[in-house]
Amino acid sequence: YTLFIRCQDANGNFNQDAYSVSFCVEKGPDTTPPLIVDTNVPSGNPVKFNQTSFELEVYVNEPSECKWSREDREYEDMEHEMECASNLFEMNNQQVYPCETTLTGLEDRKDNEYYFKCKDQPWAQEGDRNTNKQSYLYTVVGTQPLNIVDIGPKEDIFGSTDTIPVFLEVTTDNGHDNGKALCYYYNDEENGEPSGEEDYLLFLDTKSNVHSQRQDLVEGDYKYFIKCVDLGGNA
């Protein structure tokens, strides 16, 4: 095979003579099982509380048929088949073949383990195909509701100047990773409610279970709306 390559920069300049890459593919039999090289969502990622299913793509280094199970079984004994790309033009930009599935049976407050195996060369005779002997282990973390357990200030704020520094303080718990989350706030001149998610502003000090934001305020009554979201999507 010979591949011809041209590249173009942002100003429209490109190489007039194509760069060529030549290589051979050996005709010998394929004796290597397929390899799951990556997933679209990393293993160990949390999901929302009460979420029972999860869409996942796994990426295989060659055209294959793949299955999954909640137990580590032989390929033939795995119950759930995946929808896999098997044509050359279906490779993604990382030159691997995606396999799609919906993982079901997620349970809250635990690590949900799934096992994957693949068999290569869907077009070949059964005796010529290679199957994974070792499963690819993938984990989805079930979570619990995220709670705001404390918020402040709770009293009138006094100072000796016209503008007073006020610190919004929020403490979160549960959810994923013991309340680790991102917190947002909203306030307008009329103390009205936000019209949408885009109105919220991120706390300056956040991404833990204790969150803080300084506001320099003149005399008046203020109403703030607070929202916190963890990595699993609990809010």
If you take the residues of the range 102-130 that are under 24 Å from Thr32 (Cα atoms) and of a type in the set (Ser, Thr, Tyr), which of them is surrounded by the fewest Cβ atoms within 10 Å (Cβ to Cβ)?
-> Tyr115
Taking the range 196-226 as the search range and keeping residues that are open to solvent by 50 Å² or more (accessible area, probe 1.4 Å) and in contact with a Pro (Cβ under 9 Å, 6 or more places away or on another chain), which one is farthest from Thr172 (Cα to Cα)?
-> Asp216
Give me the pairs, please: first residue somewhere in the range 119-138 and closer than 18 Å to His80 by Cβ, second residue anywhere and outside any strand (DSSP E or B) and among the acidic types (Asp, Glu), beta-carbon distance under 7 Å, and either six or more positions apart or on two chains.
-> Ser135/Asp72
Identify, please: which residue in the range 175-225 is aromatic (Phe, Trp, Tyr) and assigned to a strand (DSSP E or B) and is, among those, nearest to Arg109 (Cα to Cα)?
-> Tyr184
Among the strands (runs of 3 or more DSSP E) confined wholly to the range 14-88, which include 1 or more residues that are under 30 Å from Thr143 (Cβ atoms), in contact with a strand residue (DSSP E or B) (Cβ under 8 Å, 6 or more places away or on another chain) and open to solvent by 60 Å² or more (accessible area, probe 1.4 Å)?
-> 36-39, 53-60
Hey, among Val166, Val149, which residue is part of a strand (DSSP E or B) and open to solvent by 30 Å² or more (accessible area, probe 1.4 Å)?
-> Val149
Being aliphatic (A, V, I, L, M) and out of contact with any Asp or Glu (no Cβ under 6 Å at 6 or more places or on another chain) is the filter; apply it to the range 149-176 and report the residue that is farthest from Leu202 (Cα to Cα).
-> Ile157
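The rows are residues; the columns are (1) at pLDDT below 95; (2) polar (S, T, N, Q).
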position	(1), (2)
Cys24	yes, no
Lys27	yes, no
Thr31	yes, yes
Leu35	no, no
Asn40	no, yes
Ser43	no, yes
Phe49	no, no
Leu56	no, no
Val60	no, no
Of the conditions (1) at positive phi; (2) in a strand (DSSP E or B); (3) not hydrophobic (A, V, I, L, M, F, W, C), Thr101 clears all except one; give me its number.
-> (1)
In the set Lys180, Lys207, which member is under 20 Å from Lys48 (Cβ atoms), of a type outside the set (A, V, I, L, M, F, W, C), without any contact (Cβ under 8 Å) to a residue 40 or more places away in the chain and touching a Leu at 6+ places or on another chain (Cβ under 8 Å)?
-> Lys207
Give the range 132-143 a look and list any residue that's surrounded by fewer than 17 Cβ atoms within 10 Å (Cβ to Cβ) and either under 30 Å from Thr52 (Cβ atoms) or touching a strand residue (DSSP E or B) at 6+ places or on another chain (Cβ under 6 Å) (or both), or say none.
-> Gln134, Leu137, Thr139
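The values are calculated or read from the model by the stated rules, or taken from the named source; none is laboratory data. Just so we're clear, the structure is a prediction, and the values are computed from it rather than from any experiment. FYI the Cβ positions are ideal-geometry reconstructions off the backbone, even for glycines, and counts take in every protein chain you see. Heads up: the accessible areas ignore ligands, DNA and RNA and are worked out on the full protein's heavy atoms, side chains in. Shrake-Rupley method; radii C 1.70, N 1.55, O 1.52, S 1.80 Å.
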